[in-house]
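To keep things clear, I will list the structure first and then write my remarks on it.
Where a number appears in this text, it was derived from the coordinates with a stated rule and is not lab data. Every value quoted in this text rests on a predicted model; they were computed, and no experiment measured them. Note: ideal-geometry Cβ built from the backbone for every residue, glycine included; neighbour counts use all protein chains shown.
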Ligand code: NAP
């Protein structure tokens, strides 16, 4: 069997086009567009790149972005003060504090200050808490996990009653995607660095989500024939044939896995593009909620 490749780039492009249409409609009907504030503390190159990509994506769909750059030695109080100002700013629907923050700043203290109605990254403890509870609804779901569910849904992969195995239990990906799969009535197993006999567990998965950050760790014979494999990992491996000297690979050994799986996401071009698309969707949702169009 050769797996169907799930084209995250194309699915994300379709979602972005839908968002652009909704933003245009909002402007026509209400005379407003959603606004996203990005907060970048310090000068990490990767964080600068992510923030730049997010602002560009906003511009492409008609969402206004407001960028706030603070120096690496900015105090925790200064960052919190900025978050409070953004909470009070009516033009700002979503607040994104780019992680990781410099070591002297307590991440939870900052994220807890974000107004939960503007928490478009979905990392506020209240939103995560609601996500973890049965029958409660978070206002926002973290972007990468939301993107993974959207990929499954738009590919027509059923979740209910399926056996899902998630590799990784981070706050950003593994844990929230597990909660979402559970809410959708999958039978769930979460694996981590202390899990024993990992291949034995993964071979039971109808849906396998790999989010561990280990290059090509999951081999073809770890996969149940016909399974849907969602590869979240982004790992740089040396490649002298490339201009940059490296290439990006996932947590799954793609060439082996595609011979066994029913569906598989590539890296790059699978989950990655969905993350920013979901940030835009969360920002749109924030303004729709303020306009009374979304509960
Ligand atoms: P993380 O915070 O480092 O968490 C890694 C998780 O994997 C931990 O739960 C860890 O277990 C588990 N793990 C590590 N080695 C393992 C092993 N050998 N066997 C089983 N479990 C193992 O990473 P993350 O932030 O979740 O990111 C995971 C990957 O996804 C990274 O490659 C990251 O770059 C990528 N990512 C991609 C996107 C995107 O948009 N495409 C977004 C976010 C992250 P313990 O809990 O026991 O330590």
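Once the Cα atoms are used to define both axes, helix 143-155 deviates from the longest principal axis of the chain by about 50 degrees. Mean projection of the Cα convex hull over all viewing directions, computed for region 36-95: 3.9 nm².
P(r) tail for region 194-284, what percent of Cα pairs lie past 16 Å? Summing the P(r) of region 194-284 above 16 Å gives 57 percent of all pairs.
The packing ranking of peptides 237-243, 80-86, 247-253, highest mean first, is 247-253, 80-86, 237-243, where packing means the average number of other beta carbon atoms within 10 angstrom of each residue. What FRET efficiency comes out for the pair residue 163/residue 28, r = Cβ-Cβ distance, R0 = 51 Å, nearest 0.05? That pair, residue 163 with residue 28, gives E of 0.65.
If r is the Cβ-Cβ distance from residue 236 to residue 154 and R0 is 30 Å, what FRET efficiency results, to the nearest 0.05? With R0 = 30 Å, the Cβ-Cβ based efficiency is 0.60.
Against the chain, whose longest principal axis comes from its Cα atoms, helix 8-30 is set at around 20 degrees. Taking label points 7 Å from Cα along the Cα-to-Cβ direction, residue 14 and residue 214 give a separation of 3.4 nm. The packing ranking, built from the mean of other Cβ atoms within 10 Å per residue, places the peptides 143-152, 124-133, 160-169 in the order 143-152, 160-169, 124-133, highest first.
On full extension, the segment bounded by residue 187 and residue 132 gains 18.3 nm, given 0.36 nm per residue less the C-alpha separation. The average projected area of the chain, computed from the convex hull of its Cα atoms over all directions, is 16.0 nm².
Extension gain for residue 108-residue 59 works out to 14.7 nm (0.36 nm per residue, less the C-alpha to C-alpha distance).
Compared with the dominant Cα axis of the chain, that is its longest principal axis, helix 174-183 is turned about 80°.
Based on Cα contacts under 8 Å between residues 6+ apart, the chain shows a relative contact order of 22 percent. When each of the peptides 32-40, 2-10 is scored by how many other beta carbons lie within 10 Å of its residues on average, the order from highest to lowest is 32-40, 2-10.
Dividing the mean sequence gap of close Cα pairs (under 8 Å, 6+ apart) by how many residues region 2-113 holds gives a relative contact order of 31 percent.
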